[in-house]
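Written below as structure tokens is the structure these notes are about.
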Amino acid sequence: MDLKDLYQDLIVDHNRRPRNFRRMPDANRVAEGFNPLCGDKLTLYLKLDGGTISDVSFEGSGCAISVASASLLTERLKGATVEEAEALFADMIPLLTGKLPENAPREHFRKLAALEGVKEYPSRVKCASLSWHTLEAALKNAGQPVTTE
Ligand code: ZN
């Protein structure tokens, strides 16, 4: 696999113009994530309305993969149910680490499937998974900053 397959247009675009990149003063869940290996840092904001994620945003700084991953996450989860978010989280980590079976359904990933290429680059897996671990912390309202180490 060529490195350019990892930095495909969709990922480059989401890094250049991250979606939902803003602080959310009225969020009811907030979590922070840090990947010391690369220096990626982000804060994820959620507005939970019953069992629905009515709004989701993030801010922070990091490499192209971490920013694009967080941007794609917010785009995918806006309006989703918490149940759907948990199900995606459960499949997202295997997708990024190459542990999702070839024949497993992938439709529910939608654009997130573009991140599957990181499985060929072990040093970038934590960049791509950081926003997902941070999401999980926000949903569980753990309160402690998440680190990939
Ligand atoms: Zn990174």
ASP55: away from the ligand (no atom under 14 Å from the Cβ) and modelled with pLDDT of 95 or more, yes or no?
-> yes
Among the residues listed as LYS126, LYS41, the single one being touching a residue at least 12 places away in the same chain (Cβ under 8 Å), surrounded by fewer than 19 Cβ atoms within 10 Å (Cβ to Cβ) and either at negative phi or acidic (Asp, Glu) (or both) | LYS41
Conditions (1) within 15 Å of the ligand (Cβ to nearest atom); (2) under 25 Å from ARG17 (Cβ atoms); (3) modelled with pLDDT under 95; (4) of a type outside the set (A, V, I, L, M) -> GLY62 fails only (3)
Just checking, how many residues over the range 1-24 are open to solvent by 80 Å² or more (accessible area, probe 1.4 Å) and modelled with pLDDT of 95 or more?
-> 5
Just for the range 106-149: of the residues that are away from the ligand (no atom under 11 Å from the Cβ) and part of a loop (DSSP other than H, G, I, E, B), which one is farthest from PRO36 (Cα to Cα)?
-> ARG106
The lone condition VAL67 fails out of (1) within 16 Å of the ligand (Cβ to nearest atom); (2) open to solvent by 20 Å² or more (accessible area, probe 1.4 Å) is (2)
Mind counting the residues in the range 75-105 that are open to solvent by 60 Å² or more (accessible area, probe 1.4 Å) and outside any helix (DSSP H, G or I)?
-> 6
Quick check: is even one residue across the range 74-83 within 17 Å of CYS127 (Cα to Cα) and within 16 Å of the ligand (Cβ to nearest atom)?
-> no
Members of the range 39-64 found to be among the aliphatic types (A, V, I, L, M) and touching a strand residue (DSSP E or B) at 6+ places or on another chain (Cβ under 8 Å), listed by number = LEU42, LEU44, LEU46, LEU48, ILE53, VAL56
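The values are calculated or read from the model by the stated rules, or taken from the named source; none is laboratory data. Please read these numbers as outputs of a predicted model, since none were measured by experiment. Note that each Cβ is placed from the backbone with ideal geometry, even for glycine, and that neighbours are counted across all protein chains shown. What goes into the accessible areas is simple: the full protein's heavy atoms, side chains included, and nothing from ligands, DNA or RNA. Shrake-Rupley method; radii C 1.70, N 1.55, O 1.52, S 1.80 Å.
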